[in-house]
Structure formats: C-alpha cells, structure tokens
Amino acid sequence: MASEGRIWVLISRSISGDITNPEIEELENIFQEQPELRADYENLKKIRLEPRGIISLEERRALERGIEKFKLSINEEDGFNNVPLFGSHQLKPLSQKRDKIWTVAASIIMLLSVGIYTLSHHNKISSNQQILAAQYGKRIHAVLPDGSSVWLNSGSSIKYANNLIVNGKRDVLLTGEGYFDIKHDAKHPFIVHAGKLNIVVLGTAFDVKAYTGDKYIETTLIRGKVEILNDSKPDSKIVLYPNEKVSITNQNEVKEVKIVNTATVADSVSAEKNTPPTLPDENIIETSWVNNSLSFRKQGFTGLAKQLERWYNVEIVFDNDTYSSKQFTGTFKNQDINEVMRALQFTQPFHYVITNNQIHIW
C-alpha cells in the first residue's frame, strides 16, 4: 500500500497536470481502495481550477486536510528546487533530485493557503480574483491594476479583484510579507488585509509582515500615513507616521511602535503626491529584502532559521537546543546558503551539515 506521503504527492501532480500515465493508474487504484480520498481530490481540483471567494463546507475541509497532507508529502521528498535570488544569483549546487514535484507541491500549498485565508474575508474581495505568489527562494515585483507597486517576499502571496476595487475600496489580501508603494487615490482608499489586521492608506509606502505561524504581525511605514484596524478590537486603531513600525501579537498585544531609520518626517510626506515608486533605503532592516539584502539584528537563531528557510528554500533542523536561542546580527547580499552558514559559524561555534538542502545544526 502506498504511503500517505506518496498518495498526496500523486494528488498534487494530478491537480497540477504534471502526472504520468503509470502514476494515473497508481492513483486510480488508490482511490478504489480509499474512496474517501477521491472526494477530497475532486474538491481540491475544483478549487484549483476555479478559484472563488466563497467555498462550501466540504471544500473547506478538503483544503484544511490538503494543506497538512501536502506539507507531509513535501517533507517526505528528498530533493529541493534550487532557485536564484531575484533571478540573478544561483545557489551552489546541492541535490536537485526530484525538484520538479517540490515546485508543484509548493505552488499548490500556496494556493490552498490563500483559499483558507479567504474564508474569513470573502465578503471583502469579489469572486473574480487574481492571485500573485512568490515561492520560497524567490522575491517578485508587480504593478497592480491601479498603478500601485508591490514587492512580495519569499513564501508570500496577495489576492485581489480583477480591477482591484471592491465597494469603492482597493482591497488586497496578504499572506506573508509585502512592500507596497501605493498610488494616491482619495476616492478609493487602499486596504491591505493581513491576518486580523486591516491597514488603510490613501497614498504611501509601507511594509507588512504577516507570515502564517509567526508570533507577530508587523507594519513598517516608510512614507505617508496609515491606520491599522484590528478585527479583534473594532473600536481601537493605531495610526502610524513615517519611519514608524508596530508589532502586534496574536493575543492583540502591541509590542512596539518605533522609529526604523533616521529620515525626517518632512522628508517623507511626499507620498500624498503621485510620485514614481522607489525602493526603500536598503539600510532599513525591515525593508532591506526589497533590495535583495537579507538583514537581521539581534535575531534569535530559531527566528533566523525561518528567514533562511524562506529566503533559500531550505529546511533547517536543530538537532538540539544548544544554539537555538543564540542571537545574530548581519547582512547578506548575493551570497548562497553555504556562505551564510559559514559566516554565522564565525560568531557562534555551532556545527552544521547540509544534505539535500536540509541543514542540520547542533
């Protein structure tokens, strides 16, 4: 009997259209032995081919099961897909065995994750939607229908209506991290929905970090002004001014509002005009990724490991807790994971080994 991981690898290949005839037969035999899987498969395929804002209870359950099973199937695969950073720099060769299915399964997970997130926000976005996603190991830039620019960090996605405008507002659903340079339009406020937060702007530049599983949702304002509304606290709001950052925990605790660089407010208020989109100062840690720089300051090794996993499309495993809480500060640009690990090793005497793009640390 096929393992659970093998079953969901076959399902992911079938849904993506990347399946061979022998695998089709194998999958059909599995469905005959486990007919309950066929129902999940049909629901996932329906959602994959016809993304909508509202889905049925059965489809929702299939999504929830599918995400977990796809993750398990990926963990069973023994190869990763090495990809360039901003299309310009290749990682040093590691094992690329069976890398194609990794890309397929990862893209499906991204789509399904967006679908789950949409369940609680389907009234904010129309059913005619566009999805823009950056896979692990890649960062992308795009121009939205209103002329606004968005940069997506690794493992991030946005979802929006075809013309961007819903009920007189420009609405975007964000999963992961995005940097937005918004075109001014007083008649159509721009709203980024990220987790339980809604960031409301007119014309401005800001970064939102809201990865699923992270403890904090962070908003960093570079220019202009934003209001942050919390679904859990509808009567309260936070207003950010240029060069401020706020972190909010899953328990609604406001961790901090702080200055993130030395620019003055007077230098930053031009966002109310339709200025061309510009990249943020690469010396600002919170937005350095937009300039292809991986920067961190006093970052615990566990948190840094998550950043490295997304940035380089690797998996990091701590074999013990000796170094998991150690802190690191640094900046890397156009350096591969081998060089980064060696540089980190200069500040802490940990050991590591890289096998098939899985990094073990002890």
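Since every read-out is calculated from the coordinates, none of them should be taken as a lab result. What you are looking at is a predicted structure, and each value in this text was computed from that prediction instead of being measured.
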query: Percentage of Cα-Cα pair distances in segment 287-347 greater than 19 Å, rounded to whole percent?
result: 22
message: What is the distance in Å between the Cα centroid of segment 155-233 and that of segment 341-356?
response: 37
